[in-house]
1. Taking the residues in region 81-125 that are hydroxyl-bearing (Ser, Thr, Tyr) and in a loop (DSSP other than H, G, I, E, B) as candidates, determine which candidate is farthest from Val40 (Cα to Cα).
2. Considering only residues of region 81-103 that are within 16 Å of Asn127 (Cβ to Cβ) and in contact with a strand residue (DSSP E or B) (Cβ under 6 Å, 6 or more places away or on another chain), which is most open to solvent (accessible area, probe 1.4 Å)?
3. Going residue by residue through region 113-121, is there one that turns out to be touching a helix residue (DSSP H, G or I) at 6+ places or on another chain (Cβ under 7 Å) and surrounded by fewer than 20 Cβ atoms within 10 Å (Cβ to Cβ)?
4. Could you grab me the full set of residues in region 136-169 that are open to solvent by 70 Å² or more (accessible area, probe 1.4 Å), at pLDDT 95 or above and in a loop (DSSP other than H, G, I, E, B)?
5. Val133 - would you say it is closer than 16 Å to Val29 by Cβ, modelled with pLDDT of 95 or more, not in a helix (DSSP H, G or I) and not aromatic (Phe, Trp, Tyr)?
6. Can you name the residue in region 33-80 that is open to solvent by 20 Å² or more (accessible area, probe 1.4 Å) and assigned to a strand (DSSP E or B) and is also farthest from Pro117 (Cα to Cα) among such residues?
Amino acid sequence: MAHDLTNNRKRKTTRPDIDSYFLKMALIVSERATCRRHSVGAVIVKDKIVISTGYNGAARGARDCLELGCLRDEMGIKSGEKHEICRAIHAEQNAIIQASSKGISLNNSKMYCTHTPCNICAKMIANAGIKEVIVFEKYSDDSFKKLFEELDIKVRFLKKPNLDITFFE
């Protein structure tokens, strides 16, 4: 059944707030992840406009963990440790790289992400000029906290957004 989204009938539910809207986008982006351990998505927003997105996965053109298996699992490496062993580029890194490849400044932007950042991503977030990170889930590495406190980068935890998509009926 096709939905007519152009009429003026009332909705059954209210419109999501802006933070839930962008966090829901991060969840949708995370569906593209190729990591067997975590599906992570990131959305960078400036002035309520999406600038960039990223998910965790292998370098462009390289075979990924869905195809080859997880090196970290094979080596018994715990989550949050020895990031350099992983084939994947983190979602936060991919979102920052995507913006920079297009010459887009991220100064004073916000990042909506499914998880808190690892220490490496935290340093990239800081140098990219991102001023706030909004998440709903904690990653096993919380070493980002000290750097974010020092640089006054805010982290907000919100509840996981409702995954339902609502339409005019």
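1. Ser105
2. Gln98
3. yes
4. Matches in region 136-169: Asp152 only.
5. On the way: closer than 16 Å to Val29 by Cβ: yes; modelled with pLDDT of 95 or more: yes; not in a helix (DSSP H, G or I): yes; not aromatic (Phe, Trp, Tyr): yes.
Yes, satisfied.
6. Ile49
The values are calculated or read from the model by the stated rules, or taken from the named source; none is laboratory data. Note that the structure is predicted; figures quoted are calculated from it, not measured. Note: ideal-geometry Cβ built from the backbone for every residue, glycine included; neighbour counts use all protein chains shown. Note: accessible area is taken over every heavy atom of the protein model, side chains too, but ligands, DNA and RNA are not part of it. Shrake-Rupley method; radii C 1.70, N 1.55, O 1.52, S 1.80 Å.
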